[in-house]
Amino acid sequence: MSKTISRRGFIQAGAGLAAAGVLPAASAQAPAVRGGKPKPVVIASGNGHQFRNGGRLTCVETAFEQVVAGKDVLDAVIAGVNIVELDPADTSVGYGGLPNADGVVQLDSCCMHGPLRRAGGVAALEGVRTPSMVARAVLRETDHHLLVGAGAQTFARQLGFAIEDDLNTDTSRGLWLEWKRRVDPTHFLDPASRAQASLRAGQSMVADGLVDPEHFYGTINCSAINAAGDICGVTTTSGLAWKIPGRVGDSPILGAGLYLDNDVGAAGSTGRGEANLYNLTSHLIVENLRRGMHPKDAAIDGLRRIVANTVEKRLRNARGLPNFGISFYVLDKQGRHAGVSMYAGGKYAVCDDNGGRQVVMDALLDGKPGA
């Protein structure tokens, strides 16, 4: 007979793990500060202050420049992520993103407009380099949230977006061919073992330095707040490298890859999408902000939920902890922000009056996913 655990028991169990040193205790919760106007700030995943696509500004610098110039905050953050979507050097987003198992680049994106309290998204979109702009068009031009596949492409074509036959670059295509060589040296394996072979092949390419570990799962998330306190955000990705065609992760799904409330704050993610989807963690984090938690503590709590719900043996390492990475980027109504990851080692991007920079992320767990 299976044994259920009450909410009180779950909380007590989590406290026990923290006391035993398996999970660190959360820092003291800071009550939300009410009143006053925030200073404008833009935050993003680490690639938000890395790529420039030949220009002078990164994603967060571009978005911040537009925010302080009075542009709509959503337009500003989308202009920011466009830098990365269009840069072929970032193989996790947009043009040149790592393709699916058939060698086809399929892109996902979601955006939310805090003041309008609306959102738009696209998934498995082919042929458009900037899916974030199509997601914004869904928000502005339709009564829907999410368009997918061929329908999303038709919608983009109808609005005048250029549709290309192939979004691969020589780099992304070459990496796909190397993955095919590793996963299928003697043609297809049986279905059960082939799924694991696919994952091992991808992980081996990361270990060999061919694929940036951050690009294996892909994604850029970017959120901003202006001086009036308006909050908007966007997430865009080429998804899990060499995914099953048609697979959609957390990025275009409200409450998972992105969620915000203009009265409270915003949260977005990168990393293993399925772990986020099963917990709708970005929504949980925003609700934690609503209860007065600091962005760091709100995200730590979300990561704890993921740890508690990761019960499949194949997803746990020798310590019984998740064998994958996932990160959250959190911004509250007062302009406070945090980047928090499952394991140490990452950075997130920030731009404010002090300029653009990368900041070391806080982490829930010590060690590495595979150890």
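Rule-based calculations on the coordinates, nothing more; no lab input. Predicted, not measured: the structure shown is a model, and the values here were computed from it. In this analysis, Cβ positions are derived from the backbone assuming ideal geometry, glycine residues included, and neighbour counts consider all displayed protein chains.
A few comments on the model shown:
- Burial order of peptide ranges 89-97, 77-85 (average beta-carbon count within 10 Å, highest first): 77-85, 89-97
- The alpha-carbon atoms of segment 215-371 define a convex hull whose volume equals 106 cubic angstrom per residue.
- Calculated FRET value between A228 and T142, using beta carbons and R₀ = 35 Å, to 0.05: 0.85
- Taking 19 Å as the straight-line reach from the Cα of K37, the lysines in range (excluding those fewer than 8 positions away in the same chain) are K71, K333.
- Cα extents for segment 287-371 along the principal axes, largest to smallest and rounded to whole angstrom: 45, 29, 14.
- Scalar couplings 3J(HN,Hα) for segment 108-120, obtained by applying the Karplus form with A = 6.51, B = -1.76, C = 1.60 to θ = phi - 60°, are 10, 7, 9, 9, 9, 10, x, x, 7, 6, 9, 8, x Hz; x denotes Gly and Pro.
- Segment 102-152 - percent relative contact order, Cα under 8 Å, separation 6 or more: 36
- Ranked by the mean number of other Cβ atoms within 10 Å of their residues, highest first, the peptides 226-236, 47-57, 286-296 fall in the order 226-236, 286-296, 47-57.
- Computed from backbone phi, the HN-Hα couplings of segment 290-296 come to 4, 7, x, 6, 5, x, 5 Hz, rounded to whole numbers (Karplus: 6.51 cos²θ - 1.76 cosθ + 1.60, θ = phi - 60°; Gly and Pro given as x).
- Per-peptide packing, taken as the mean over residues of other Cβ atoms within 10 Å, places 154-166, 318-330 in the sequence 318-330, 154-166 from highest down.
- Taking 16 Å as the straight-line reach from the Cα of K243, the lysines in range (excluding those fewer than 8 positions away in the same chain) are K180.
- Sorted by Cβ density within 10 Å, fewest first, the residues K313, K333, K71: K313, K71, K333
- Theoretical FRET efficiency, 1/(1+(r/R0)^6), r = Cβ-Cβ of R117 and L159, R0 22 Å, to 0.05: 0.45
- Translational diffusion of segment 280-336, µm² s⁻¹ [Kirkwood Rh, Cα pairs; Stokes-Einstein; 25 °C; 0.890 mPa s]: 202
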